[in-house]
1. So if R0 is 45 Å, what FRET efficiency would residue B:70 and residue B:126 give, r being the distance between their Cβ atoms, rounded to the nearest 0.05?
2. Counting pairs of Cα atoms in chain A, how many percent are more than 17 Å apart?
3. Need one number for chain B: average projected area of the convex hull over its C-alpha atoms, nm².
4. Excluding the sites themselves, what is the longest stretch of chain B that contains no chymotrypsin sites (Phe, Trp or Tyr not before Pro) in a DSSP loop with at most 13 other C-beta atoms within 10 Å?
5. From the P(r) of the stretch B:113-230, can you give the percent of Cα pairs sitting at distances over 24 Å?
6. In terms of modelled amide H atoms, which long-range or inter-chain residues lie less than 5 Å from the amide H of residue B:190?
7. Exposed loop sites here are GluC sites (Glu not before Pro) in DSSP loop states with at most 13 other C-beta atoms within 10 Å. What is the longest stretch of chain A lacking them?
8. In square angstrom, what is the accessible area per residue of chain A with a 1.4 angstrom probe?
Amino acid sequence: MLKNTGVPDEKDLASVTPTKKRLEEGPVVMVECFQEIPCDPCH
Amino acid sequence: MLKTDVAIVGAGPAGLSAAIKAASFGADVIILERDKWLGGQLVKQTHSFFGSKNEYAGIRGIDIANIFADELEKMENVQIMLETPALGYYEDNILTAYSPQGKMLKIKPNTLIFATGAMEKMIPFENNDLPGIYGAGAVQTLMNVYGVVPGENVLMIGAGNIGLIVSYQLVQAGVDVAAIVEALPEIGGYWVHASKVRRMGIPILTNHSIIKALGKEQVQGAVVAQIDEKWQPVKETAREFQVDTICLSVGLSPLIELLWQSGCHIVYSKELGGYVPILNEDLETTVPGIYVAGDASGIEEATSAIIEGHLTGCAAAKKVGYEVPKEEFIKARKGLESLRAGPVSQHIRKGLSLIRR
């Protein structure tokens, strides 16, 4: 769906969502990048 | 007659990085640029760049242009000629250009780097010559360089990175984007961009195409329909969008007219956007001493253009006798390889494998 409409589904979101443990620790940046693209500043 | 070690045609990311590299090893450089400013398409790119952090990713395109311009200003062996379009290249290795004073200039360079960039493609549909139909790049220039919006409601054709980013920038400028229409079954641009514009409320219609533009004196709407697996419109799905602007983001073609004049070997590559020169690992054409960097050698991104500029700058300086450490070449080649390593660059790798010698 994401690749056809731009709308991520639960599976897409799960792939970029921080772990439950990390979420419980408090606010965290969620990098909403679903693909391996030629871009490295976030790493 | 002007003489120089390296002449560079085009002051975009490829040309500027080539100039900085070649000059840093001692070569005399002349840059010819048809616009009034340095930076090429960087000047309209108000967004932070993707790509390699080593090549300015995370910095806005316009700021990258300023970084290059500041660096070149300090170099005494670089002559920048703005508003000076290159006109022709002749058998006796003479490049001609037209000065802002209206004079025909002749330049005899020892080496030549073409960094001429690309032009926007057009697609056929009924009424595609109505006022109000623009290339997406043209709209980006209009808004971000001249501060003019193209209209109030836009239909974007093409969901590649340019279509997605320009749609976002249109919304930033207060313009309504009715939809992004894409003939392919999948979004061609990065999904991170696609999800961002979708979240702003812009529908992305894959497997759809524009059938015709509506209006007599100017665009007043557009008819869009789903297309089947044979790329034929499915009539019953046709619907109208009330827009005053249609923006085409349907790909770019390398600008290589001067390369045809040089007599170098040129082939057609679907993957690289059109006719492109055959190049060796230094990005030298089949005519010794003539190099190509950036989109003119195949459509990619600004980051690869910058690294190709580095590579050709090194190669041209070396060709005319300046000492260039081989590590410089290795670094540039590795940088390009790493940029092109991922799944989204598969078509680039395929295209390049057919044109390298």
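1. It comes to 0.40.
2. Tail of P(r) above 17 Å: 44 percent of Cα pairs.
3. Quarter of the Cα hull surface area: 18.3 nm².
4. Answer - B:232-357.
5. Result: 25 percent of Cα pairs exceed 24 Å.
6. B:161
7. A:1-24
8. 74 Å²
The values are calculated or read from the model by the stated rules, or taken from the named source; none is laboratory data. Just so it is clear, the structure is predicted and the values come from calculations on it, not from any experiment. Neighbour counts run over all protein chains shown; Cβ positions are idealised from the backbone, glycine included. The accessibility values were calculated without ligands, DNA or RNA, using every heavy atom of the protein model including side chains. Shrake-Rupley method; radii C 1.70, N 1.55, O 1.52, S 1.80 Å.
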